[in-house]
Amino acid sequence: MSEIKNDLTPKQIVEELDKYIIGQKDAKRNVAIALRNRWRRMNVKEEIQGEIVPNNILLIGSTGVGKTEIARRLAKIADAPFTKVEASKFTEVGYVGRDVESMVRDLVEQAVNMVKVSKKEEVKEKAAEVVEGLILDALIPPLKGNPNAFSTKVGSDEPENEAELNEQTRARFREKIRKGELDDRKIEIDVTANSSGNVGMIGGGMDEASMINIQEMIGNMMPKKKKKRKVTIAEARKILLEEEASKMIDMDEVKEEAIYKAENTGIIFIDEVDKIAKGGEAGKSGPDVSREGVQRDLLPIVEGSAVNTKYGIINTDHILFVAAGAFHFSKPSDLIPELQGRFPIRVELDNLTKADFLRILTEPKNALTKQYEALVAAEEVKLTFQDEALEEIAEMAFQINEEVENIGARRLHTVMSKLLNEILFDIPDTIGPNAQIVIDKALVQEKLEGLVKDKDLSRYIL
């Protein structure tokens, strides 16, 4: 069974998170400790290993301050299955809607996909050889029947028989395929058609898991049909490589490893948990649906229970749950006591300042300025931002958040889009290749003046 790969120290984990997320030091430290504790648990004595449960985390902060991004980046660092759900989407048992166990099934699905990709990478070279042979067969079919027909004179340079001629031709074409010289040529290939459609059931009384299992069972019973497709060799290579790699991997091994991965490294991010708290009018999911009922349904999953999925039973005891909410109209203490106890670590995230906005625009690997520079570079246009312009953008984003509604870093998307809309529209028709565009403070003020001044209009801007 595969071991947990991550062996980064808490300090190194925080350094990785710093590349994408500005500020929120406390939140980063706590998730880094939680991640490192998983590695520690897998390296303690076996008799106590099962007893160590993760310390689930409750992130409290306004929208756009980085709650989801912290959890998502943490999962990438750990190479762990990750799923995000909104607590407000769930309904109490007995009502129509998503049941809470679906989040665990989503997590296992993610784990299976991750393991499949990893396994396919291992057999990629072997599968590529098989695919090469299939493409070659479609171009120059191998001879059938008597291979010694059409023999030639002994001592001649000509092939002794048709089989040898065929083999020489195939060798030449194999070389051309490897060099990519024939990528645009079309060939006819056999591909597996998806024979199982969605199965509908008349009447109620069947849960999501049972429905998935029935569809899977009927799909496996039906014969796999082949259909012919005419595609280029480049496309055929992709299609056949996927099929051949899938044939080479052992699905039982994939399922086993995926369940292990989900159970021991899985992270479930439950957003909008404040919407199912008792306090505040804004938390209502509907007139009849009990928010407390949803919390009680969540409780056994977070505490640790066995959930039936189409890949097997998964225990949720060691899955890390990260819950998040703004808690504007309710408090964490409005959650039922049992659920509060299952989120022992509470971290309040700071609201973003003007200085934070300035850093968000420039420092992260995926900073908005870098994204827009890359977008226009695709049109061979160079875009640069002056320092004074970036300060002005940060100031305006902060000001709009203060005066209208605080949506955190997401405000920068609105501001940058408004600032660069005209330029992006003019490329490449008016602004051609090799042009250089410099964004200065005056341009920022000119383009964004309306956003700040017209508060009535700002109400309708995201």
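Only one of these is modelled with pLDDT of 85 or more and open to solvent by 10 Å² or more (accessible area, probe 1.4 Å): 126, 144. Name it. It is 126.
Matching residues to (1) in contact with a Lys or Arg (Cβ under 7 Å, 6 or more places away or on another chain); (2) open to solvent by less than 20 Å² (accessible area, probe 1.4 Å); (3) part of a helix (DSSP H, G or I); (4) closer than 30 Å to residue 407 by Cα:
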{"position": "235", "(1), (2), (3), (4)": "no, no, yes, no"}
{"position": "243", "(1), (2), (3), (4)": "no, no, yes, no"}
{"position": "246", "(1), (2), (3), (4)": "no, no, yes, no"}
{"position": "257", "(1), (2), (3), (4)": "no, no, yes, no"}
{"position": "268", "(1), (2), (3), (4)": "no, yes, no, yes"}
{"position": "294", "(1), (2), (3), (4)": "no, yes, yes, yes"}
{"position": "317", "(1), (2), (3), (4)": "no, no, no, no"}
{"position": "333", "(1), (2), (3), (4)": "no, no, yes, yes"}
{"position": "340", "(1), (2), (3), (4)": "no, no, yes, yes"}
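What do you reckon, is residue 99 acidic (Asp, Glu) and without any contact (Cβ under 8 Å) to a residue 40 or more places away in the chain? Spelling it out, it is not the case that residue 99 is acidic (Asp, Glu) and without any contact (Cβ under 8 Å) to a residue 40 or more places away in the chain.
Out of curiosity, is residue 13 in contact (Cβ under 8 Å) with a residue 40 or more places away in the chain and either part of a loop (DSSP other than H, G, I, E, B) or acidic (Asp, Glu) (or both)? So residue 13 does not fit the description; no.
On the stretch given as the stretch 389-405, residues that are within 24 Å of residue 427 (Cβ to Cβ) and either more than 31 Å from the chain's Cα centre (by Cα) or among the basic types (Lys, Arg) (or both) total 3.
Considering 193, 163, the condition of being of a type in the set (A, V, I, L, M, F, W, C), modelled with pLDDT under 80 and out of contact with any Pro (no Cβ under 8 Å at 6 or more places or on another chain) is satisfied by 193 alone. Within the stretch 419-442, the set of residues being open to solvent by 30 Å² or more (accessible area, probe 1.4 Å), modelled with pLDDT of 90 or more and in contact with a helix residue (DSSP H, G or I) (Cβ under 8 Å, 6 or more places away or on another chain) comprises 422, 424, 440, 441.
Can you tell me which residue within the stretch 342-363, out of those that are open to solvent by less than 40 Å² (accessible area, probe 1.4 Å) and in a helix (DSSP H, G or I), is nearest to residue 383 (Cα to Cα)? For the stretch 342-363, the residue satisfying everything is 361.
The values are calculated or read from the model by the stated rules, or taken from the named source; none is laboratory data. The structure presented is a predicted model; accordingly, all values stated were derived computationally and were not measured. Heads up, the Cβs are rebuilt from the backbone with ideal geometry, glycines too, and the neighbour counts pull from every protein chain shown. Accessible surface areas use protein heavy atoms only, side chains included; no ligands, DNA or RNA. Shrake-Rupley method; radii C 1.70, N 1.55, O 1.52, S 1.80 Å.
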